[in-house]
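We did not get these values from a lab; they are worked out from the coordinates using the rules stated. Just so it is clear, the structure is predicted and the values come from calculations on it, not from any experiment. So basically every Cβ, Gly included, is an ideal-geometry build from the backbone, and we count neighbours across all protein chains shown.
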Amino acid sequence: MMETGTKTLTPTESTNRRTVAEIYSSLATGNMEAFAERLAPDIKWTVVAGAETGGT
C-alpha cells in the first residue's frame, strides 16, 4: 500500500492515482496521443458555454 500523508491507499487507489497523474502529465507536456490513449473509446467530451473553446 502507498502512504499519502494521512491515508494509506489500497493497490487499486494507488493504480488509479498513478493513472490520473500520467494523464495530467500527458496534457501538461502536450502529448495528446498519450492522453487520448487513456480515454474510453465512447467518451463524450463537453465544453461548457463561455469557455475559451466553447462552441467549437
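At a glance:
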| quantity | calculated |
| --- | --- |
| Contact order normalised by residue count of the chain, Cα under 8 Å, 6+ apart, percent | 15 percent |
| Sorted by Cβ density within 10 Å, fewest first, the residues Thr15, Thr53 | Thr53, Thr15 |
| Trypsin sites (Lys or Arg not before Pro) restricted to region 14-56 and DSSP loop, no more than 13 other C-beta within 10 Å | Arg38, Lys44 |
| The chain: projected area of the alpha-carbon convex hull, averaged over directions, in nm² | 5.9 nm² |
| MRE, 222 nm, helices only [DSSP H, n ≥ 4, -39500 (n - 2.57), over the chain, to nearest 500] | -13500 deg cm²/dmol |
